[in-house]
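The values are calculated or read from the model by the stated rules, or taken from the named source; none is laboratory data. Please read these numbers as outputs of a predicted model, since none were measured by experiment. Because the Cβ atoms are built from the backbone with ideal geometry, glycine has one as well, and the counts that use them run over all protein chains shown. These accessible areas exclude ligands, DNA and RNA; they are computed on the full protein's heavy atoms, side chains included. Shrake-Rupley method; radii C 1.70, N 1.55, O 1.52, S 1.80 Å.
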Amino acid sequence: MELDPAQLVRDDAALRQIYGEPLERAVRKQLDRLDSYCRSFIAASPLLILGTQGEHAADNSPRGDAPGFVQVADDHTLLI
């Protein structure tokens, strides 16, 4: 199945045309770094979904192991 280029969302402006502005309560949930709750969740998780994006395709692949197989290197970096 080929993608119709006219249906691709390429930037925030195109996304806003489809969905409008996000609700304030949704914006308040955004984080710019991993907080203590994120770190605890990651440390206890035996699963992650790794998403990749190429020019013509995207893929999401599950990865799993014992909790702790994903490490938090800093506020913005995970080590898998």
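Observations on the structure shown:
- Leading residue by the ranking (most open to solvent (accessible area, probe 1.4 Å)) among those in region 1-50 that are among the acidic types (Asp, Glu) and over 19 Å from the mean Cα position of the chain (by Cα): Glu2
- Within region 51-80, the set of residues being surrounded by fewer than 11 Cβ atoms within 10 Å (Cβ to Cβ) and assigned to a strand (DSSP E or B) comprises Gly51, Thr52, Gln53, Ala58, Asp59, Asn60, Ser61, Pro62, Ala73, Asp74, Thr77, Leu79.
- Picking from residues in region 51-79 that are at pLDDT 95 or above and among the aliphatic types (A, V, I, L, M), the one that is farthest from Arg10 (Cα to Cα) is Ala66.
- Scan of region 22-80 for residues that are of a type in the set (Val, Ile, Thr), in contact (Cβ under 8 Å) with a residue 12 or more places away in the chain and either closer than 30 Å to Leu3 by Cα or in contact with an Asp or Glu (Cβ under 7 Å, 6 or more places away or on another chain) (or both), ordered by number: Ile49
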